[in-house]
Amino acid sequence: MAECWGLPELMCNFPQLSSGTLRAMRKGIDGGFRDIVRQWSDVIDAATAPLQLFLNFLEDLFTGAPWPLVMIAVLAVVWAGSRQLKTVIGTAIALVLIGVFGLWSDTMTTLAMVAVATLVAILIGLPLGILMARSNRFQAFLSPVLDVMQTLPSFVYLIPVVVIFGIGKVPGLIAVVIYAVPPMIRLTNLGIRLVDREVIEAADAFGADPRQKLWGVQLPLSLPTIMTGVNQTIMMSLSMVVVASMVGVGGLGKNVLQAITNQYFTVGFLNGFALVAIAIVFDRTSQAFGKRLQKHTEVAHD
Amino acid sequence: MTDPLEDARQRSGIEIRHLYKIFGTNPGRFIKRVKEGMTKEELNDRHNHVLGLQDINLSLPPGEISVIMGLSGSGKSTLIRHINGLIEPTAGEVLYEGRDVVAMKGAELREFRRTKTAMVFQKFALLPHRTVLENTLYGLDIRGVPRAEAEPVARAWIERVGLSGFEENYPNQLSGGMQQRVGLARALANDADILLMDEAFSALDPLIRMDMQKVLLELQQELQKTIIFITHDLDEALRLGDSIAILRDGKLEQVGTGQDIVLRPANDVNRGRVIRASRLARPLAEGEAPPEFRVDGYRVLERVAREMAAAGVAQATVLDRKGVATGVIDSEAILNAMVTPAEAP
């Protein structure tokens, strides 16, 4: 009870709905939500089945394949993306350390998760970002939605995700994607909107149709910004896999969660560092790749 | 072989009729009142709309260079964008080959732009992620011409504008003058009848500019395209234009040949006020003593003539900005220059 300084009741405690009303409201919404989910559970399962299959396939591939093969594949991807020897060597060292400390299989599980999450985030984010760049009205609608997605504590939207999709990998994946997709959308939008207006006018003047403008001018010229979005998306999904472990995602995140609940200092840090190592590998590779795409911006004349 | 001149007579020019452009949130509301005589000021002050173009009537003959000249804000860039439909007018018609460009929409307008027009921009507007070659064949790419067919065409034009050897360079590896050559090659590779040049040479420094003007005139000798050239520079207009239209505050002020514009100026756009003394200075002959009276080279002819008349001299030494003598100017040369177009140096 607040002190009232002799004020009337209405000025003292903020007038709120009665606890009975609030309880009824909560029950109504939660119950209704649950009923809807139960009614549609078949549809929801069917819709998420391909995602589940893909995720399982990739995870089996990563954890099941002999480690030298996986290592060579990862190093090859890093080389293809970055074309930097130092990044490849750093990656090799990180992978060896991860293996030595017994985190190989958990790391592969996390890697599979992040790979799928990033892919899904790009598949959702790129078209939404393009739409957002094309329509001011859509931008006005989507911007606040993205604000909410980015600021709403991730634990809060884990609740409806669990109610709808239950416990497991796919709900975890969905939570990760919700968290990681906003930068992809925003930076795609920004990249396209920042394309020089004069170049767009030139494309118009030569009779380019909207598709030719998008694929021939807008996307190539906004690629560096879009790559920054991909980079951000990867970083955010890596940080989110720890939280997603609360709804049943395995891998490094699960170990961290166990370490928190049991106060296993060493386990916590080892797994944490493994996540950091992967994050750095992803980051350096995708950034170097983004930079290579801007070859044409190098100024060579005096 | 058909005679290009005969051919040009049978080709269609561009007819601009009663063109109005009002900028603002609701231009349609005011067009009637503007036609009935509402002034630009009233429209701006009371209704917060800008009258960009007012009752433009202009014939741009086929196979000729028509220059549209005006200061910045006169509406010249707005006007040229009506010819290929980049800007829609509030009222009026732009006729080409019997069709009204204004009425064209979507695919029809794109087809018109792809096949009938090409444009060169003040700031080049090249595609930075494409090489010189890829930029040059951009218009053909858009039209769906296969690369095997487009490449030889593009290479030929790159050679014509003097950029051989730079095919694989990216635009920002080139200097401004070279970039605009790419812009010109890109426009010419389109092989369109209408060439729109929006202050195409204004961003270039004077020597390169003169160079490009020469290139354009040489090409035009042979190509006989219908060229619309926008500029704010009278010298450039006189050098290039078969006819010149002067635009001021969104209204056509005068249309005529270079000579008409100079001899019977509708207003103070006057050679004496735009040509600088340094352009007419001739070098001192061997052993000739420089005249004692001195004038600043960056002064315009009218001012220099007044100074010389006041001093009662017929000859003067021309100084550059650092005060160094660059040559001699005499009153006869000044008089000639103020009447007939000066030779390009």
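Ignoring chymotrypsin sites (Phe, Trp or Tyr not before Pro) that are buried or in helix or strand per DSSP, and keeping those with at most 16 other beta carbon atoms within 10 Å, what is the longest stretch of chain B between them?
Details: sites that count: B:PHE293, B:TYR298.
The longest uninterrupted stretch comes out as B:1-292.
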Over segment B:24-86, what percent of the accessible surface lies on carbon and sulfur atoms, probe 1.4 Å?
46
Given the alpha-carbon gyration tensor of segment B:273-339, what are the semi-axes of its equivalent ellipsoid in whole angstrom, ordered largest first, with each equal to the square root of 5 times an eigenvalue?
17, 13, 11
Can you pull the one-decimal nm distance between simple spin-label points at B:ASP249 and A:LEU10, each 7 Å off the Cα toward Cβ?
6.3
Would you mind telling me the share, in percent, of accessible area of segment A:50-294 contributed by carbon and sulfur at probe 1.4 angstrom?
71
Name the GluC sites (Glu not before Pro) in segment B:86-121 that are in a loop by DSSP and that have at most 13 other C-beta atoms within 10 Å, would you?
B:GLU97
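So which of A:LYS291/B:LYS105; B:LYS40/B:LYS116; B:LYS32/B:LYS105; B:LYS123/B:LYS225; B:LYS35/B:LYS123 end up more than 30 Å apart by C-alpha?
On the way: A:LYS291/B:LYS105 40 Å; B:LYS40/B:LYS116 34 Å; B:LYS32/B:LYS105 24 Å; B:LYS123/B:LYS225 22 Å; B:LYS35/B:LYS123 34 Å.
Too far apart for the 30 Å limit: A:LYS291/B:LYS105; B:LYS40/B:LYS116; B:LYS35/B:LYS123.
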Helix B:301-311 versus the longest principal axis of chain B: what angle, 0 to 90°, nearest 10, using Cα atoms?
10
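Taking segment A:17-85, which trypsin sites (Lys or Arg not before Pro) meet the DSSP loop condition and have no more than 15 other C-beta atoms within 10 Å?
Working: sites: A:ARG23, A:ARG26, A:LYS27, A:ARG34, A:ARG38, A:ARG83; in loops: A:ARG83.
Those satisfying the criteria are A:ARG83.
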Based solely on its DSSP helices, what 222 nm [θ] is calculated for chain B when runs of n ≥ 4 H residues each add -39,500 (n - 2.57) and the sum is averaged over all residues, nearest 500 deg cm²/dmol?
-11000 deg cm²/dmol
What spacing in nm lies between the two simple spin-label points modelled at B:HIS232 and A:VAL156, each 7 Å away from Cα in the Cβ direction?
5.3
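Would you kindly state the longest site-free stretch of chain B, with sites defined as trypsin sites (Lys or Arg not before Pro) in a DSSP loop (not H, G, I, E, B) surrounded by at most 10 other Cβ atoms within 10 Å? Don't skip to the end; give the middle numbers.
Numbers: sites that count: B:LYS105, B:ARG321, B:LYS322.
Free of exposed loop sites, the longest segment is B:106-320.
When only DSSP loop residues count, what chymotrypsin sites (Phe, Trp or Tyr not before Pro) in segment A:234-289 have their Cβ near at most 16 other Cβ atoms within 10 Å? All intermediate terms of the calculation are to be shown ahead of the outcome.
On the way: sites: A:TYR264, A:PHE265, A:PHE269, A:PHE273, A:PHE282, A:PHE289; in loops: A:TYR264.
For chymotrypsin sites (Phe, Trp or Tyr not before Pro) across segment A:234-289 that sit outside H, G, I, E and B with at most 16 neighbouring Cβ atoms in 10 Å, the list reads A:TYR264.
The values are calculated or read from the model by the stated rules, or taken from the named source; none is laboratory data. Note that this is a predicted model, so its numbers are computed, not measured. Cβ coordinates were reconstructed from backbone atoms using ideal geometry, including for glycine residues, and neighbour counts include every protein chain displayed. Quick note on the areas: whole protein, heavy atoms, side chains included, nothing else; ligands and nucleic acids left out. Shrake-Rupley method; radii C 1.70, N 1.55, O 1.52, S 1.80 Å.
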